Amino acid sequence: DGVLALIGVLAWSFFTNSANMSTRTMLDGSGLIKSVWFPRAILPTATVLFNLTQYLLSVSVILPLMLVYYRIVPEAPMLLFPVFVFLQLLFTVGVALILATSAAFLRDVRHLVEIAITILFWMTPIVYELSSLTNPTLRRVLFFSPMTPYVSAYQDIFYFRQWPSAAIWATTMGYAV
């Protein structure tokens, strides 16, 4: 379904763009790092905030069009969107800080991240529903893919128009912490 995929792709793009760009922040900002003292964590965090801005701008244009085109009536669970965006932001900043630090010491991290992101894409329910998987073990394994609970939360609130489960809440908060 178009709604299901679009919701997932927007959230996924925010995460992957932030992760990919964060692997280059220390290298790209090396001249600045050497000339002026400032907290190095600002560079990957700024990258994530830049991608968050792009994500929110995309959502602010696409979401209303999607709601009208697919005739989705706004419902109460949709009010949770900012909460899950904030939790995803915290998670993404954490990942970006880890990747930026790792890439500063190991240049090949950037290439490994690209491969990992490709694998994670198929482990995240973007083009399929997690509930459509018949094997419960596979469903549980895929649920612990880092972006699965966030994408599932967005799908719950916009596609299924229901409150996310306790497992989604617990996992998204755990990843954010």
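The values are calculated or read from the model by the stated rules, or taken from the named source; none is laboratory data. As the structure is a prediction and not an experimental result, all values here were calculated from the model. FYI the Cβ positions are ideal-geometry reconstructions off the backbone, even for glycines, and counts take in every protein chain you see. For accessibility, only protein heavy atoms count, side chains too; no ligands or nucleic acids. Shrake-Rupley method; radii C 1.70, N 1.55, O 1.52, S 1.80 Å.
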Here, chymotrypsin sites (Phe, Trp or Tyr not before Pro) of the range 44-78 satisfying both criteria (DSSP loop; at most 16 other Cβ within 10 Å) are Tyr70
Can you bin the range 129-177 into rounded, prolate or oblate? Criterion: square roots of the alpha carbon gyration tensor eigenvalues sorted a ≥ b ≥ c, rounded for a/c under 1.5, prolate for a/b above b/c, oblate for the rest.
oblate
For the range 51-114, which whole-number percentage of the solvent-accessible area (1.4 Å probe, protein heavy atoms only) is attributable to carbon and sulfur atoms?
72 percent
At a 10 angstrom cut-off on C-beta neighbours, averaged per residue, how do the peptides 110-122, 9-21, 76-88, 154-166 rank from highest to lowest?
9-21, 154-166, 76-88, 110-122
Charge dipole of the chain about the Cα centre (unit charges at C-beta), most positive-ward option of Val95, Gln54, Phe81:
Val95
Pick the calculated mean projected area of the Cα convex hull in nm² for this structure from [x] 11.6; [y] 10.7; [z] 8.7?
[y]
Averaged per residue, what accessible area in Å² does the range 14-85 show with a 1.4 Å probe, protein chains only?
58 Å²
Å² of accessible area per residue within the range 86-177, as computed with a 1.4 Å probe and no ligands counted:
53 Å²
To the nearest 10 degrees, how steeply does helix 148-158 sit against the main Cα axis of the chain, on a 0 to 90 scale?
50 degrees
Can you classify the range 76-177 as rounded, prolate or oblate using the Cα gyration tensor, where a ≥ b ≥ c are the square roots of its eigenvalues, rounded means a/c under 1.5, and otherwise it's prolate if a/b beats b/c and oblate if not?
oblate
Given charges at Cβ of Lys, Arg, Asp, Glu: the chain dipole, positive-most of Asn135, Phe121, Ile72:
Phe121
Would you work out the relative contact order for the range 46-159, in percent, from Cα pairs under 8 angstrom that are 6 or more residues apart?
29 percent
